[in-house]
There are 2 protein chains.
Amino acid sequence: MSTKRVTSHDVARLAGVSRTTVSFVLNNVPGMQISEDTRRRVFEAARQLNYHPDATARRMAAGQTNVIGFVLRQSHEQAFADHFMPQVLSGLSQAASAQGFHTLFEPIPPGDNSGTYLRLINERHADGIVLSGPRSDDEDLLKIRAEGAKVVLLGQLPDSDIPFVDVDNVGGACMATQHLIELGHQRIAMITNAPLAYTASTARLAGYRQALTLSGIQSDDRLVRYGNFTPQSGYTAMNDLLAQELRPTAVFVASDTVALGAVQAIRQVGLRVPEDIALVGFDDIPLAEFMDPPLTTIRLPALGLGFGGADLLIRLISGDEVNLTQIILETQLVVRDSSGANLSIRK
Amino acid sequence: MSTKRVTSHDVARLAGVSRTTVSFVLNNVPGMQISEDTRRRVFEAARQLNYHPDATARRMAAGQTNVIGFVLRQSHEQAFADHFMPQVLSGLSQAASAQGFHTLFEPIPPGDNSGTYLRLINERHADGIVLSGPRSDDEDLLKIRAEGAKVVLLGQLPDSDIPFVDVDNVGGACMATQHLIELGHQRIAMITNAPLAYTASTARLAGYRQALTLSGIQSDDRLVRYGNFTPQSGYTAMNDLLAQELRPTAVFVASDTVALGAVQAIRQVGLRVPEDIALVGFDDIPLAEFMDPPLTTIRLPALGLGFGGADLLIRLISGDEVNLTQIILETQLVVRDSSGANLSIRK
DNA sequence: CTGTTAGCGCTTTCAA
DNA sequence: TTGAAAGCGCTAACAG
């Protein structure tokens, strides 16, 4: 602070070599035959002066920032509603730092279409971005792609060749529904996690229908309701379902958070989970395990999503030949009590 | 991508001025009298060429990165266990971007003492850091401070003059306990959020005792148990308390997550919340509202914590005269059903 | 009011 | 095996 910054020049002088040599030694540049003695002197001088190369200058010279941007296009509340995003972020930065990259965290205020994240690329703050919550009406995304920027999406955009990493929503929903079918249920309702404008929502609904079809069960739209991220929406939707003349014996709720409200609604009319109505959730939020009853649900590879996104992006940046740029990660069924699986065993 | 990068030189040429003028115009440097005509020509040229100043070069020349680092010293699981950190991060990046700063997200793998975050400063990746989860045995922290780096802590370090922003844990715990006292309870137990090695834990315990003392209630260590972040720990602790010869009539659990387990334990022995045992939590996690019963708890200014941290740091970086560098933010009592407040009214 | 010029600290080609 | 020198793109002190 008080003293001037130590530069490679200082190190060179102390070691009695040129700055070039310092750079070669400290960066361990391959193909350079430098005498053991020189090498040692350089290291010693650097240590002695407490020298640290200036990242900015290095970027300047290298023409690369070694930074990836993580752009959150969703509202923050929504993004972090389900404990999912922190894990994604964790995986992302893990993968990044493993490859010597840093992570710039860039949430976009909802409704901000002023191209905030374009600047990340245009002004070269980062070498590329991982974009969470892509929307098909995002003009910035098209623009940025057209300019050849490196972008990886977390989640899919229909009919697009943009590289992405996503979770297998269809497969997960199918697995959840099949689990209920295997337990003997025929009249299975579904509550979505969100309105169908969200692709994840559509995909989960598709998985539910797929499972029914595979088992020869007629899917019935009167058994489908739409959630909206919150427990309240689950409560409302479930009440609606319970008012049906022919009540479902099981329900697949495509979000644990929404399921929370659904369970409440079921209880309130004096029915029990899973004895009267079996329930499977989706997401495996940390609290799913501690709900009453503990929730059978679908676990998503959140860490893997972030890790995969960063990894893919960095390979794109590095110019590696990447053969697979659209990746879908498998989900996992976690059986607890709410589906009644343990109940059947007990009998 | 394909074509070479557009530089201020190109803009200057097209506008028929020098690079200096371009810089002055585009940065709107005060005190420069530039003709309206020139100004317009520069803007036009920049627009036409789709010019964007290179952040790296700019940093190089300015000697400042306009980046703050957010360093997470806790384990990720722990950091994000309670929905708190995402909000902090949100507030942080809001404050940062409002002042033209970007946020570098830097989680430290637990047990990593290799000075990973020292490099953030030493190599000038950032102008300063906000450090979450500081520990008194953190040598890197002392070192970095000694070198004059700008650091703001989220949370306190006893007997230190390092700038920090923290939540009023003592006040919050006191408020929670007083709420129970006001409802007529005398025999009030407490379960901490974590072992006492954590300063937040100690502070909350202190607040609990303070409230008792203020009301002339003898505090009794047999009524204090230690949680450990998880519902399980709350379950165990509560069971332990229930086994006492003289059962408490109320319990203050210094973490909503831990409270979840406590409620379970109470239910399991056939008692009701709040009729038999009143309960107040801490943190106001999003699910607190949807627990059964909805949890009375203490809300923390998570967004404000992050915002305040970034704001303070940036003022420190800018060299502003900052008179108050140790900030404590107020908490808020959120009354729901678990404390029995609404119950009393009903009667 | 505008242009010249000298850095910022590093990498890397080319020559010695 | 090592060194000299040319950038990277921008800012800002100083001249004009």
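Find the Rg to Rh ratio for the range A:1-112, where Rh is the Kirkwood radius over alpha-carbon pairs and Rg uses the same atoms. A ratio of 1.17. The charge dipole of the range B:169-300, taken about the Cα centre with unit charges on the Cβ atoms of Lys, Arg (+1) and Asp, Glu (-1), comes to about 220 debye, rounded to the nearest 20.
For the pair A:ASP220 and A:GLU147, a Förster radius of 41 Å applied to the C-beta separation gives a FRET efficiency near 0.30, rounded to the nearest 0.05. Inter-copy label distances at B:GLU123, using a point 7 Å along Cα-to-Cβ, come to 2.2 nm with the shortest given first. Here's the picture: charge each Lys and Arg Cβ at +1 and each Asp and Glu Cβ at -1 in chain A, and of A:TYR117, A:GLY227, A:ALA12 the one pushed furthest to the positive end of that dipole is A:ALA12. Check the protein assembly as shown and count each lysine pair with an alpha-carbon distance under 20 angstrom, considering only pairs eight or more places apart or from different chains. For the protein assembly as shown, qualifying lysine pairs total 4. Simple point charges give the picture: +1 on the Cβ of Lys and Arg, -1 on the Cβ of Asp and Glu, and for the protein assembly as shown a dipole about the Cα centre of about 1220 debye. Spacing of the modelled spin labels on A:GLU123 and B:GLU289, each 7 Å from Cα toward Cβ, amounts to 3.6 nm. For the range A:250-311, the direction-averaged projected area of the alpha-carbon convex hull comes to 4.2 nm². Only alpha carbons enter this Debye calculation for the range A:8-49, each as an equal point scatterer, and the log10 of I(q)/I(0) it gives at q = 0.13, 0.22, 0.26 Å⁻¹ is -0.20, -0.58, -0.80. For the range A:169-300, the convex hull spanned by the alpha carbon atoms encloses 90 Å³ per residue. In plain terms, the C-alpha convex hull of chain B casts an average shadow of 23.7 nm² when viewed from every direction. Taking 0.36 nm per residue of separation and subtracting the Cα-Cα distance, full extension of the segment from A:ARG299 to A:THR7 would add 100.1 nm.
What the Cα convex hull of the protein assembly as shown gives, in volume per residue, is 209 Å³.
How many angstrom lie between the C-alpha centres of the range A:263-316 and the range A:210-229? The range A:263-316 and the range A:210-229 have Cα centres spaced 18 Å from each other. Between the beta carbons of B:ASP159 and B:LEU324, assuming R0 = 25 Å, the FRET efficiency works out to 0.85 to the nearest 0.05.
Only the coordinates and a few stated rules stand behind these numbers; no lab work does. Given the structure is predicted, the values throughout are model-derived calculations rather than measurements. Counting neighbours? That spans all protein chains shown, and the Cβs are built from the backbone with ideal geometry, glycine included.
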